[in-house]
Amino acid sequence: LRTQAIEPLSTFLDFITYEYMIENVMLLLKGTLSGRDINELIAQCHPLGMFKESTMRSIPTFESTPRGYQDLYQTVLVDTPVGPYFAQFLQESSDRSEVSNVLEEVEIEIIKSSLIKYWIEDFAKFVDALGGETAVIMGDLLKVRADTNAINITLNSFGTPLNEPAMRASDRKRLYPAVGHLYPAGTSMLADVGDEDELGRVLELFPMYSSIWNVHAAGSDGKSIDDAFYERDVQMLELAFEGQMHYASFYAYVKLKEQEIRNLVWISECILQQQKEEIHKF
């Protein structure tokens, strides 16, 4: 599909793959820190985010130091599509004069969240420039994706250094995308949240997220907040096919295929574990 596309659809399709490129780079770095075999890691990489094999094998060879990370960008990632996001992260890190080891495992997740943030903001700017139905439908999908990231970052920070009062308004808030229905008022409130009760009170102010939070708070039917987000996403992605003359349907197709894979994995695991009564919870 990509080889047959012309501008601006070709760039739009490229943007879809950037997310998987970021995930692959982070998978290789995180796996290397835990001592896993490079061949095993490459086999687990997402096919839509693959680089040349030489590039894939080069990524884990750099030292686990801030200097090694700088070398990784300058030597390998600078010529990849996600290079600019990596450069932006390194620039912001140097501006904050960070002296900690940026390749510690907990930091890997922070780096990933930062890169995904830059990607969402860049993608949103691109679709907004396209205008028309694409800007409306795809723009809304990206806003919801940004909000989902902001909520999950806040929720997952509880019990970690990111939830310390000094870190909330600086490091944690910096991870929130500068787009979305929550931005800027909602994300400012999220930056002050210290526990799940406070998070729930903030989300109650936003009807489209209060119902999702209630699913998480109630814990009914074994559903997690991720399950509630997935259900909401599927509904929005299906609606993307109702419009005409826009590019959001390409994004929706890829994401719905991902959900199909998650469903198949869930069903397979239920069968293997002899928990067939749980199959319907995909």
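The values are calculated or read from the model by the stated rules, or taken from the named source; none is laboratory data. Since this is a predicted model, take the numbers as computed values, not measurements. Ideal geometry is used to build each Cβ from the backbone, glycine not excepted, and the neighbour counts take in all protein chains shown. Protein only, heavy atoms only, side chains kept; ligands, DNA and RNA dropped before computing areas. Shrake-Rupley method; radii C 1.70, N 1.55, O 1.52, S 1.80 Å.
Within 10 Å, at most 11 other Cβ atoms, and a DSSP state outside H, G, I, E, B define an exposed site. Report the longest part of the chain free of exposed trypsin sites (Lys or Arg not before Pro).
97-282
Can you work out the FRET efficiency for the pair Tyr73 and Glu277, with r the C-beta to C-beta distance and R0 = 51 Å, to the nearest 0.05?
Once the sixth-power term is evaluated, E becomes 0.55.
What distance in nm separates the simple spin-label points at Ala129 and Ser188, each placed 7 Å from Cα in the Cβ direction?
It is 2.9 nm.
So what is the calculated 222 nm ellipticity per residue for the chain, using -39500 (n - 2.57) for each DSSP H run with n of 4 or more, over all residues, to the nearest 500 deg cm²/dmol?
-21000 deg cm²/dmol
Which shape class, rounded, prolate or oblate, goes with region 199-264 when its Cα gyration tensor gives a ≥ b ≥ c as root eigenvalues, a/c under 1.5 marks rounded, and past that a/b bigger than b/c marks prolate?
It comes out oblate by the Cα gyration axes.
Taking springs between alpha-carbon atoms closer than 10 angstrom, which of Glu269, Glu164, Glu92 fluctuates most in the Gaussian network model of the chain?
Among Glu269, Glu164, Glu92, the largest mean-square fluctuation in the Gaussian network model of the chain belongs to Glu269.
Under 1.5 on a/c is rounded, so check that first for region 146-282, then, if it is not, pick prolate when a/b is larger than b/c and oblate when it is not; a ≥ b ≥ c are the square roots of the alpha carbon gyration tensor eigenvalues.
oblate
What percentage of the solvent-accessible surface of region 159-226, computed with a 1.4 Å probe over protein heavy atoms, is contributed by carbon and sulfur atoms?
That fraction is 55 percent.
Which whole-number percentage describes the relative contact order of the chain, with Cα contacts under 8 Å and a sequence gap of 6 or more?
The value is 13 percent.
In Å², and per residue, what accessible area does region 72-214 have when probed at 1.4 Å with the other protein chains present?
I get 45 Å² per residue for this part.
Name the most mobile residue of Trp119, Trp266, Trp213, meaning the one with the largest mean-square fluctuation, in a Gaussian network model of the chain with Cα contacts below 10 Å.
In the Gaussian network model the winner is Trp266.
Within region 109-148, find all residues whose amide N lies under 15 Å from a label point positioned 7 Å from the Cα of Leu1 along Cα-to-beta-carbon.
Only 138 fall inside the zone, counting backbone N under 15 Å.
Any of Lys52/Lys281; Lys52/Lys257; Lys173/Lys281; Lys112/Lys223 with alpha carbons more than 29 Å apart? Name them for me.
In this structure, Lys52/Lys281; Lys173/Lys281 lie more than 29 Å apart at Cα.
Region 170-257: which GluC sites (Glu not before Pro) are DSSP loop and have at most 14 other beta-carbon atoms within 10 angstrom?
Glu204
So how far apart, in nm, are the two label points at Gln235 and Leu9 if each is 7 Å from Cα heading toward Cβ?
Placing both labels 7 Å beyond Cα along the Cβ direction yields 3.1 nm.
Extending each Cα 7 Å along its Cβ direction at Asn263 and Ser58, get the distance between those two points in nm, one decimal.
4.1 nm
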